[in-house]
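The values are calculated or read from the model by the stated rules, or taken from the named source; none is laboratory data. Values in this document were obtained by computation on a predicted structure and should not be read as measured data. Virtual Cβ from ideal backbone geometry, glycine too; neighbours counted across all protein chains shown.
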Amino acid sequence: MNDPPDFRLEHSELRGDDEFGEFSTIDLPYYSDWHGSFEKLPWATDDGSLAQARADVAIVGAPFDEGVSSRPGARFGPRAIRMAPTTWGSDSAWSIQLDTEPYTHLTVVDAGDAPIVPTRPERSLRVIHQKVSQVASHGAIPIVLGGDHSITYPSGAAVARHVWPRSVGVLHFDAHADTGADQWGNLYAHGQPMRRLIEEGWVAGRNFVQVGLRGYWPDRETFAWMREQGFRWHTMVEIEERGAEAVVADGIAEALDGPDRIYLSVDIDVVDPGMAPGTGTPESGGLLARELLRAVRQIVGAVELAGMDVVEVSPPYDTSEITAILAHRVVMEAIAALAAKRA
């Protein structure tokens, strides 16, 4: 049996043995290790509490935005998503869409944030990888709150490593492919995570499916590379012509053409900026909010979910919290769909 690939950032610089515990909570920046949990759920932030919780799902914060190419601010995304107007807490949550009480059928905890500090981007990606690995090792499905989209590289790799030698398919909702070779020489910015996952061998190209692509980036050369790797993608034009539900159904089949489980990555900019203005790289002409929420229910209800992230929520550009609320509801739809299956 082959060993899983190396996570290359593990070997990228000299560091101490206990990097994950390098800083105490009081030493972390104010946007990291936020103290209001998602949906007022119980905290389970270390191995002991995770083992005791025996959770089905764990929320993980990844407050990192040093990979952005344009407007920063996604480091504040996890805090904004956690603090978005909620369903009044986990005791009374009820999904009208799926006719289920999510927390009656699932044990869900908030595992806190990866201990990220500014100015050390490679360390930040490593501790995200370690935090997601920790959650997955205790049997919980990690749902990661970004952060910019570079966090999908360590998070997706952690999930793929956890299920190894079984394989994972990826469904990626985004206006942009995020498969660039580099970003001004940086291999690990928010325009490159999908390329890194493919090149390191965490996901097969033919099981990487992208939904919602539009606009003017990446270039033709990058799409040629994607085609060589076997990528499948569905543009907004196709969604306009065929409808989102039919396109998502095809995406599920393509991502599961070999693997038996899915990693779901949702860049909030897949939604039209009229409904999600709080993001760093808005692109006009995207999905409706209701189409995205329906797609999440459709996917999570049909597949074995290995992990998930919701990224690129940038509160400084948000209006009346509508982007943070949408991201919160994306997570809630996934949790409710998991609960409906369990029920």
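Quick check on Ala58: is it buried (at least 20 other Cβ atoms within 10 Å of the Cβ), in contact with a strand residue (DSSP E or B) (Cβ under 6 Å, 6 or more places away or on another chain), modelled with pLDDT of 90 or more and on the phi < 0 side of the Ramachandran plot? Explain how you work it out, then say what you get.
Values: buried (at least 20 other Cβ atoms within 10 Å of the Cβ): yes; in contact with a strand residue (DSSP E or B) (Cβ under 6 Å, 6 or more places away or on another chain): yes; modelled with pLDDT of 90 or more: yes; on the phi < 0 side of the Ramachandran plot: yes.
Considered against the rule, which asks whether it is buried (at least 20 other Cβ atoms within 10 Å of the Cβ), in contact with a strand residue (DSSP E or B) (Cβ under 6 Å, 6 or more places away or on another chain), modelled with pLDDT of 90 or more and on the phi < 0 side of the Ramachandran plot, Ala58 comes out as yes.
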>> When you scan region 120-138, do you find a residue that is part of a helix (DSSP H, G or I) and of a type in the set (Asp, Glu), even just one?
In response: yes
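To keep it simple, each residue is scored yes or no on (1) assigned to a helix (DSSP H, G or I); (2) surrounded by 21 or more Cβ atoms within 10 Å (Cβ to Cβ); (3) within 17 Å of the chain's Cα centre (by Cα); (4) at negative phi.
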residue: Val203; (1), (2), (3), (4): no, yes, yes, yes
residue: Thr222; (1), (2), (3), (4): yes, no, no, yes
residue: Trp225; (1), (2), (3), (4): yes, no, no, yes
residue: Val248; (1), (2), (3), (4): yes, yes, no, yes
residue: Leu264; (1), (2), (3), (4): no, yes, yes, yes
> Do any residues in region 174-203 that are touching a residue at least 12 places away in the same chain (Cβ under 8 Å) and closer than 21 Å to Met308 by Cβ have Cβ atoms under 7 Å from those of residues that are in a loop (DSSP other than H, G, I, E, B) and of a type in the set (A, V, I, L, M, F, W, C), where the two are at least six apart or on different chains, and which pairs are they?
Replying inline: His176/Trp217; His190/Val68; Met194/Ala177; Arg195/Ala181; Arg196/Leu187; Leu197/Val203; Val203/Val168
> closer than 22 Å to Ser167 by Cβ, modelled with pLDDT of 95 or more and not charged (D, E, K, R) - does that describe any residue in region 319-335?
Replying inline: yes
> Which residues, counting only those in region 290-305, are crowded, with 23+ Cβ neighbours inside 10 Å, touching a residue at least 60 places away in the same chain (Cβ under 8 Å) and over 14 Å from Ala255 (Cα atoms)?
Replying inline: Leu292, Ala295
